[in-house]
Amino acid sequence: DTVTHHITRAQSRPTGDLRADLLTELDGTRAMLHEPATDQGMRVIIERAAVDPKFAEVKESLYRSGTQAVRAILIDAIARAELPDALDIDLAVDQLHGPLFFRRLVAHRSFGLDYVEEITDDFLRCHTTEPRPEQECPTA
């Protein structure tokens, strides 16, 4: 319940500004991952989900609710032609959320808004339909 509460609290109302909306959601995820009760809860759920079907159901439910807002932002951006129609939403969610979860839950490292901005800006450089010349996708 603690993790669900923090996920719900972290989600905000989209404004239609793709970068700002992604940053708001991902910074909410960052804050949730740095909250001690949520951090510990996520670790327990992930660990127990591998051996307990009830925990696996909880993990799947948390995944759906925790990515719902970013999915909606991406779908809306596709509808506004800011992102390509062919964008793989699942892969995009992984590209945006994955580094945050990896850095916090696997590497046990703290990070701030600057890291969230880097992840978001790299994603937008690679996927926006009208990239600026100075915006190139990382090749490494």
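A Cβ distance below 7 Å, combined with a sequence gap of six or more or placement on separate chains, defines the contacts here; from segment 22-49, residues that are open to solvent by 50 Å² or more (accessible area, probe 1.4 Å) reach residues that are at pLDDT below 95 and not in a helix (DSSP H, G or I) in the pairs THR24/SER12. Using beta carbons and a limit of 7 Å, which pairs, at least six apart or on different chains, have the first residue in segment 70-94 and exposed (fewer than 12 other Cβ atoms within 10 Å of the Cβ) and the second one of a type in the set (A, V, I, L, M, F, W, C)? Cβ pairs passing all conditions: ASP85/ILE78. Looking only at residues of segment 78-105 that are small (Gly, Ala, Ser) and within 14 Å of CYS126 (Cα to Cα), we find that the one that is modelled with the highest pLDDT is ALA92.
Pull up segment 95-124, narrow it to residues that are without any contact (Cβ under 8 Å) to a residue 24 or more places away in the chain and touching a Lys or Arg at 6+ places or on another chain (Cβ under 7 Å), then point me to the one that is least open to solvent (accessible area, probe 1.4 Å).
As a first pass, look at segment 95-124 and keep what is without any contact (Cβ under 8 Å) to a residue 24 or more places away in the chain: 98-99, 102-103, 106-109, 114, 118, 122.
Within this subset, residues satisfying the condition of being touching a Lys or Arg at 6+ places or on another chain (Cβ under 7 Å) are 103, 109.
Numbers: ARG103: 55, ARG109: 121 Å².
Only one residue tops the list, namely ARG103.
The values are calculated or read from the model by the stated rules, or taken from the named source; none is laboratory data. None of the values given here were measured: they were computed from a predicted structure. Glycine gets a Cβ as well: all are built from the backbone with ideal geometry, and neighbour counts include every protein chain shown. Only protein heavy atoms, including side chains, enter the accessible area calculation; ligands, DNA and RNA are left aside. Shrake-Rupley method; radii C 1.70, N 1.55, O 1.52, S 1.80 Å.
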